[in-house]
Amino acid sequence: MSASTDWGALVQATIAELAAGTTTVGLYGSTHPDVAATLTALADVLSYKGEYEKAEPLIREALRIRRKLYGEVNADVAASIGDLGTNYGDRGDFKQAEFYLRQALVLQRKLHPTVHPDLAEAMNNLGWALLGLNQPVQAEPLYRLALEMKRQMLGDAHPELALGLSNLAQVLVMRRNFKGAETAYRQALAMNRKLLGDSHPEIAQNMSDIAVVLHAKGDQEAAIAMQRDSLNMCRRELGAEHPDVARGAALLAYWLIEAGSYGEAGHLVDEALAIRRKVMGDESADVASTFTLRANLLLAERHFDAALKVATEARRILVLSLPDDHWRVAMAKNTQGAALTGLGRYKEAEPLLVGSLDGLYGSPVPDLPARGRRRLIDLYTAWGKPEEAVKYK
């Protein structure tokens with residue numbers, strides 16, 4: 001099909017045809033393997049475009065067909081369960097993602113007791129969900145096992161191996177091993193440039209990952225420059241409304257707020273929010289995290305009332321799909337506390353700032369714990385409690 005194919009219309013037509021018993025269903029029947037394969041292929045296309053909610057019913061229907069055909073312990077059933085888990089994770093619901101991805105891994109271990117690509121992928125995907133739930137210690141051994149399997153199967157240069165290196169590096173960032181993380185990220189970037197050329201979505205992601213490490217090491221200028229290049233590559237390769245563009249814009253905005261470039265940061269926040277609302281819905285975790293980002297911009301501009309309202313709404317949405325100790329919830333809570341400090345409501349601010357600090361330590365954004373401590377220092381300094389402030393220096 002051409003690049004202008006309306007995949008959304010195609011999927012809706014396919015769903016209607018499924019209900020009417022026409023096309024593939026009419027040819028093969030409602031429980032034929034080819035129907036499940038077609039649904040899975042369409043879901044993959046929608047997922048690549050970032051239209052995850054539209055993909056979910058197709059994945060579920062493929063899973064229903066495969067279970068009816070094959071029972072539970074089957075490679076296609078395991079693949080569909082894994083697809084459903086990654087679909088939830090792509091939408092920011094890592095609780096549900098973990099639920100399905102654990103099932104997928106159990107099935108893959110039954111099907112493949114030793115080294116196998118599907119087993120490595122299942123380990124990798126569960127590690128990703130655990131990382132999304134702020135559990136890097138549990139994710140790391142899964143990532144390392146998956147990476148070792150990929151080396152055994154694929155040799156020293158393959159896109160899947162580069163992805164495995166990047167996944168491991170992300171764990172190392174969360175565990176504050178920046179040297180190890182940068183080494184792994186740069187190996188992944190070099191491998192992908194050799195395999196994929198100079199411009200590709202995977203290369204853009206590698207660049208963004210390295211930018212995070214550069215920022216954590218204190219090289220703000222280099223981090224911002226690399227993130228700009230990454231974001232521009234994402235826009236070029238994926239289009240203006242892809243979730244990866246939103247992710248890159250949000251990260252760059254976060255650093256520009258810190259650098260005092262509020263105007264440009266505001267445009268990037270608007271861009272990220274528009275994409276996420278369109279693709280993921282108004283109450284997704286990613287939309288809520290963008291609200292937190294906007295609240296931080298409002299804080300920097302000293303609009304404390306507005307910042308408090310936006311951060312409160314962000315936290316309300318986040319707890320719908322994330323545990324209360326998740327770093328995203330902690331960030332929203334911390335931002336509420338900072339806004340209350342700005343309003344002089346110190347007694348209300350204190351439990352929010354203190355209670356969010358532990359959650360910030362699980363963030364993949366390395367400077368969040370330091371920011372949380374600074375906000376406690378600001379609180380106690382403004383409140384006239386220097387003996388409390390000194391505890392967080």
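For the stretch 1-88, which fully contained helices (runs of 4 or more DSSP H) count at least 1 residues that are among the charged types (D, E, K, R), touching a Gly at 6+ places or on another chain (Cβ under 7 Å) and at pLDDT 90 or above? Lay out the reasoning, then the answer.
Details: elements: 7-20, 23-28, 33-48, 52-70.
Output list reads 52-70.
Among Ala339, Ala311, Ala307, Ala332, which is the only one that is in contact (Cβ under 8 Å) with a residue 12 or more places away in the chain, crowded, with 24+ Cβ neighbours inside 10 Å and under 19 Å from the mean Cα position of the chain (by Cα)?
The unique qualifying residue is Ala332.
Which count do you get for residues in the stretch 241-261 that are within 23 Å of Gly50 (Cα to Cα) and part of a helix (DSSP H, G or I)?
Looking only at the stretch 241-261, we keep the residues that are within 23 Å of Gly50 (Cα to Cα), and these are 241-254.
From what's left, part of a helix (DSSP H, G or I): 243-254.
Result for the stretch 241-261: 12.
Checking the condition at pLDDT 95 or above and at positive phi, which residue from Arg345, Arg315, Arg302 passes?
So the residue among Arg345, Arg315, Arg302 that is at pLDDT 95 or above and at positive phi is Arg302.
Rundown of residues vs (1) of a type in the set (S, T, N, Q); (2) assigned to a loop (DSSP other than H, G, I, E, B); (3) farther than 17 Å from Arg371 by Cα; (4) modelled with pLDDT under 95, yes/no style:
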| position | (1), (2), (3), (4) |
| --- | --- |
| Gly263 | no, no, yes, no |
| His267 | no, no, yes, no |
| Leu273 | no, no, yes, no |
| Val287 | no, no, yes, no |
| Ala307 | no, no, no, no |
| Asp324 | no, yes, yes, yes |
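Which of the residues belonging to the stretch 348-364 are closer than 14 Å to Ile377 by Cα and over 24 Å from the mean Cα position of the chain (by Cα)?
Ala349, Glu350, Pro351, Leu352, Leu353, Val354
Among the numbered conditions (1) closer than 28 Å to Gln96 by Cβ; (2) surrounded by 22 or more Cβ atoms within 10 Å (Cβ to Cβ); (3) of a type outside the set (Asp, Glu), tell me where Ala184 comes up short.
(1)
Which one is farthest from Glu271 (Cα to Cα) among residues in the stretch 204-233 that are in contact (Cβ under 8 Å) with a residue 24 or more places away in the chain and either basic (Lys, Arg) or outside any helix (DSSP H, G or I) (or both)?
Lys217
From the list His326, His267, which one is over 30 Å from Tyr380 (Cα atoms) and surrounded by fewer than 24 Cβ atoms within 10 Å (Cβ to Cβ)?
One residue alone meets the criteria, His267.
Across the stretch 210-240, which residue is nearest to Val173 (Cα to Cα) among those that are buried (at least 21 other Cβ atoms within 10 Å of the Cβ), at pLDDT 95 or above and not hydrophobic (A, V, I, L, M, F, W, C)?
Residue satisfying both the conditions and the ranking: Gln227.
Can you tell me which residues in the stretch 294-304 are under 13 Å from Ala338 (Cβ atoms), assigned to a helix (DSSP H, G or I) and of a type outside the set (Gly, Ala, Ser)?
Listed by number, the residues that qualify are Asn296, Leu297, Leu298, Leu299, Phe304.
From Leu154, Leu101, Leu163, grab the single residue that is of a type in the set (A, V, I, L, M, F, W, C) and within 30 Å of Ala314 (Cα to Cα). First the steps, then the outcome.
Numbers: Leu154 fails: within 30 Å of Ala314 (Cα to Cα); Leu163 fails: within 30 Å of Ala314 (Cα to Cα).
On inspection, the qualifying residue turns out to be Leu101.
What is the residue count in the stretch 275-285 for residues that are in a loop (DSSP other than H, G, I, E, B) and surrounded by fewer than 22 Cβ atoms within 10 Å (Cβ to Cβ)?
3
Among all residue pairs at least 6 apart or on different chains, which show Cβ distances below 6 Å where the first residue, located in the stretch 118-146, is in contact (Cβ under 8 Å) with a residue 12 or more places away in the chain and the second is charged (D, E, K, R)?
Once the first residue is in contact (Cβ under 8 Å) with a residue 12 or more places away in the chain and sits in the stretch 118-146, its partners that are charged (D, E, K, R) give Ala120/Lys150; Ala129/Glu98; Pro136/Arg175.
Which ones in the stretch 149-196 are at pLDDT 95 or above and outside any helix (DSSP H, G or I)?
Answer for the stretch 149-196, where residues must be at pLDDT 95 or above and outside any helix (DSSP H, G or I): there is none.
Among the residues in the stretch 288-296, are any without any contact (Cβ under 8 Å) to a residue 60 or more places away in the chain, closer than 18 Å to Gly239 by Cβ, in contact with a Phe, Trp or Tyr (Cβ under 9 Å, 6 or more places away or on another chain) and hydrophobic (A, V, I, L, M, F, W, C)?
No; the residues of the stretch 288-296 include none that is without any contact (Cβ under 8 Å) to a residue 60 or more places away in the chain, closer than 18 Å to Gly239 by Cβ, in contact with a Phe, Trp or Tyr (Cβ under 9 Å, 6 or more places away or on another chain) and hydrophobic (A, V, I, L, M, F, W, C).
When you go through (1) surrounded by fewer than 23 Cβ atoms within 10 Å (Cβ to Cβ); (2) within 20 Å of Leu168 (Cβ to Cβ) one by one for Gly127, which number turns out not to apply?
If we test Gly127 against (1) surrounded by fewer than 23 Cβ atoms within 10 Å (Cβ to Cβ); (2) within 20 Å of Leu168 (Cβ to Cβ), just (1) comes out false.
The values are calculated or read from the model by the stated rules, or taken from the named source; none is laboratory data. Being a predicted model, the structure only gives us computed values, none of them experimental. Counting neighbours? That spans all protein chains shown, and the Cβs are built from the backbone with ideal geometry, glycine included.
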